[in-house]
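This report refers to the structure that appears directly beneath it.
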Amino acid sequence: MIKELRGFEILDSRGRPTVMAKCILSDGTVGSASVPSGASTGKAEALELRDGDATRYRGLGCRKAVANINNAIRGALVGKEFDTQEAFDNALIALDGTVDKSRLGANAILVCSLAYARASAQQEGVVLYKYFGRMIGNDDFQLPRPTINLFSGGKHAGGQIPVQDLLLVPVAAKTMDEALEQVHSVYLSASELIHEKYGMRALKADEGGLAPSFRNIDEMFEDAMKAIERAGLQPGKQMAMALDVASSHFYKEGKYDLGTEIRDSLGMIDLIRSWVDAYPILSVEDGLAENDWEFWPHLKHTLQDKCLVLGDDLLCTQVARINRAVEKDAANALLLKVNQCGSLAEAAAALRAARNAGWQVTVSARSGETEDNWLADLATGWDGNQIKIGSIAQSDRLAKYNRMLELEQGDELKIRDWVYPGN
Ligand code: PGA
Ligand code: ZN
């Protein structure tokens, strides 16, 4: 039974307000959690409730969301007993009653969902990833393979290049420990290279990615190749790449504005294919914009022999959008972010929809994170093929990597192999 539920306003990795919640069960078990926040958000995401008071945190305060936890949610749930996580989440969804969670706020709802999960797992004496696993009927646990930011642009780095993230994929590493050590080595090589080339310190973007003033996108790829080689690793064989193009954010009036040139959808697809042919890229996220549905099937067919065609803004972790993409054959992988839909139960339904279509799933953090590490347990419990957290920098990112190192050493979990599309 729920004895107490409390919300707090705390600060995320960008110093912006976000929400933390504490759930206390009748036997005194306490679970707490905090939620992240995006910057390059999809239009279809559930609503993150912000105060809108321009005199405080430029309108980004979360006092309204916190008040909703301490009043409406607390009032409805305290004294109630729930048999499952889904039952708890469904009570919150019903209490909100809107499609986009705009009454109570997706941040307020999700943080309660997570705090309840932590408290319930603790009460049952189940480690959190196993509790999450039970939600989807999984009891065979492996660590997801990490995809780790090296370079950043777009909305995470002041837009010096339009592409948002170039990530490293340690494809050959046999353990999480080895994967992180290899990525760290490339990250340091890239920092040195940038210092030599651009004469700057390794200034970091929101997710800890390096953000030098590349003159163009090719230079970013070339520098990544050099950094991999300089770290003594073979590009493609030992260290591959992934991209988050995040193209919704430079899609204007039906065209892709790359700064140096403007391309239509087919031109954008040709450009991405030329990158995939030239560099060892295994996954391309949001190659086209979230509402460019017409051309996504073409993007998928152009890339699917070589890489994952991953939908983030396109899908927003929502069953209806995933089903539409399956029907149109528009993607072959889901980027799963629980705060895009706003509850664990709905995210689990999105995961099931993607799995039913035979898709791979990358479980992802947001660009504004906290030191909470539940994402590592979620990705492990939900059998994510990959996890995307950010760079090997900043405590908000490292908290999740450290949790996976703990699970590797403590629970002896193995790391998942990279599965090439078509295998
Ligand atoms: P966001 O970006 O958290 O700022 O939305 C992450 C991503 O686009 O994958
Ligand atoms: Zn993205």
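In a residue-by-residue description of region 123-130, the property of being acidic (D, E) and open to solvent by less than 60 Å² (accessible area, probe 1.4 Å) applies to no position.
Residue count for region 301-329 under the criterion of being outside any loop (DSSP other than H, G, I, E, B) and either open to solvent by 20 Å² or more (accessible area, probe 1.4 Å) or assigned by TED's automatic domain parsing to the domain that holds K101 (or both): the result is 10. The set of residues in region 151-168 being over 18 Å from R201 (Cα atoms) and within 12 Å of ligand 2 (Cβ to nearest atom) consists of G154, K155, V163, Q164, D165, L167.
Considering the conditions (1) within 16 Å of ligand 2 (Cβ to nearest atom); (2) in a loop (DSSP other than H, G, I, E, B), E412 is excluded by exactly one of them, (1). S391 meets all of the listed conditions (1) in contact with a Phe, Trp or Tyr (Cβ under 6 Å, 6 or more places away or on another chain); (2) farther than 19 Å from A117 by Cα; (3) of a type in the set (S, T, Y) but one, namely (1). Does Q394 fit the bill of being over 15 Å from the mean Cα position of the chain (by Cα), of a type outside the set (K, R) and under 22 Å from D165 (Cβ atoms)? Yes: the conditions hold for Q394. For region 23-45, a residue qualifies if it is over 30 Å from V319 (Cα atoms) and out of contact with any Lys or Arg (no Cβ under 7 Å at 6 or more places or on another chain), and the qualifying residues are D27, G28, T29.
Scanning region 258-291 for residues that are acidic (D, E) and either within 16 Å of ligand 1 (Cβ to nearest atom) or closer than 16 Å to D218 by Cα (or both) turns up E261, D270, D277, E285, D286, E290.
Can you confirm whether V66 is farther than 29 Å from E290 by Cα, among the β-branched types (V, I, T) and buried (at least 23 other Cβ atoms within 10 Å of the Cβ)? So V66 passes the test.
Rundown of residues vs (1) acidic (D, E); (2) open to solvent by 20 Å² or more (accessible area, probe 1.4 Å), yes/no style:
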residue	(1), (2)
R74	no, yes
L77	no, no
E81	yes, yes
F88	no, no
A91	no, yes
V99	no, yes
A108	no, no
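This table checks each residue for (1) in contact with a helix residue (DSSP H, G or I) (Cβ under 9 Å, 6 or more places away or on another chain); (2) touching a residue at least 60 places away in the same chain (Cβ under 8 Å); (3) surrounded by fewer than 17 Cβ atoms within 10 Å (Cβ to Cβ); (4) within 30 Å of L104 (Cα to Cα).
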{"position": "S343", "(1), (2), (3), (4)": "yes, yes, no, yes"}
{"position": "A353", "(1), (2), (3), (4)": "yes, no, no, yes"}
{"position": "G368", "(1), (2), (3), (4)": "yes, yes, no, yes"}
{"position": "N373", "(1), (2), (3), (4)": "yes, no, no, yes"}
{"position": "G390", "(1), (2), (3), (4)": "yes, yes, no, yes"}
{"position": "A393", "(1), (2), (3), (4)": "yes, yes, no, no"}
{"position": "A399", "(1), (2), (3), (4)": "yes, no, no, yes"}
{"position": "R403", "(1), (2), (3), (4)": "yes, no, no, no"}
{"position": "E408", "(1), (2), (3), (4)": "yes, yes, no, no"}
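Can you tell me which residue is nearest to ligand 1 (Cβ to nearest atom) among those in region 239-257 that are assigned to a strand (DSSP E or B) and among the hydroxyl-bearing types (S, T, Y)? Within region 239-257, the match that is nearest to ligand 1 (Cβ to nearest atom) is Y251. Report yes if S213 is part of a helix (DSSP H, G or I) and small (G, A, S), otherwise no. Criteria not met by S213.
Looking at R321, R366, just one residue is within 14 Å of the chain's Cα centre (by Cα) and basic (K, R), and that residue is R366.
Within region 141-182, restricting attention to residues that are charged (D, E, K, R) and open to solvent by less than 10 Å² (accessible area, probe 1.4 Å), the residue that is farthest from ligand 1 (Cβ to nearest atom) is R145.
Determine if region 43-55 includes at least one residue that is away from ligand 1 (no atom under 16 Å from the Cβ), of a type in the set (G, A, S) and not in a loop (DSSP other than H, G, I, E, B). For region 43-55, residues away from ligand 1 (no atom under 16 Å from the Cβ), of a type in the set (G, A, S) and not in a loop (DSSP other than H, G, I, E, B): absent.
The values are calculated or read from the model by the stated rules, or taken from the named source; none is laboratory data. Values in this document were obtained by computation on a predicted structure and should not be read as measured data. Don't worry about glycine lacking a Cβ; one is built from the backbone with ideal geometry, like all the others, and counts go over all protein chains shown. Heads up: the accessible areas ignore ligands, DNA and RNA and are worked out on the full protein's heavy atoms, side chains in. Shrake-Rupley method; radii C 1.70, N 1.55, O 1.52, S 1.80 Å.
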